[in-house]
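Each remark here refers to the structure printed beneath this line.
Every number in this text was worked out from the coordinates using simple rules, so none of it is lab data. Fair warning: this is a prediction, and the values are worked out from it, not measured in the lab. Positions of Cβ are generated from backbone atoms using ideal geometry, with glycine treated the same way; all protein chains shown enter the neighbour counts.
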């Protein structure tokens, strides 16, 4: 799981640099949205593997939620530009459910996690 996290982290850093050079590059925006989704998947898996009361688990769920939200924001932006491909259209329905799962996992903890 650690290798997966390193891989998606590296991919997100690459996509962010590419978008910084050309913010109108929709191919890179799609890559970044998909990469953030993948970060959310890895982080939520790590959170699920931790005990709910463990701070590290809560931090994983929070990171997952933030990654899913970034992904959703980018996919919504692509849709508003008219450049969201059919391949990713289903993510607009899937991601809010993933965010809700993160919120539910975070709510189980008695101790608040700093954002």
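Brief remarks on what is shown
- Residues being in a helix (DSSP H, G or I) and over 14 Å from residue 103 (Cα atoms) - total across the stretch 49-71: 5
- Among the residues making up the stretch 49-90, those that are under 12 Å from residue 36 (Cβ atoms) and crowded, with 21+ Cβ neighbours inside 10 Å are 64, 65, 67, 68, 71, 72, 74, 75.
- Qualifying residue in the stretch 39-48 (condition: closer than 25 Å to residue 103 by Cα, over 14 Å from the mean Cα position of the chain (by Cα) and touching a residue at least 24 places away in the same chain (Cβ under 8 Å)): yes
- If you go through the stretch 17-36 and pick out every residue that is part of a helix (DSSP H, G or I) and either surrounded by 14 or more Cβ atoms within 10 Å (Cβ to Cβ) or within 13 Å of the chain's Cα centre (by Cα) (or both), you end up with 12.
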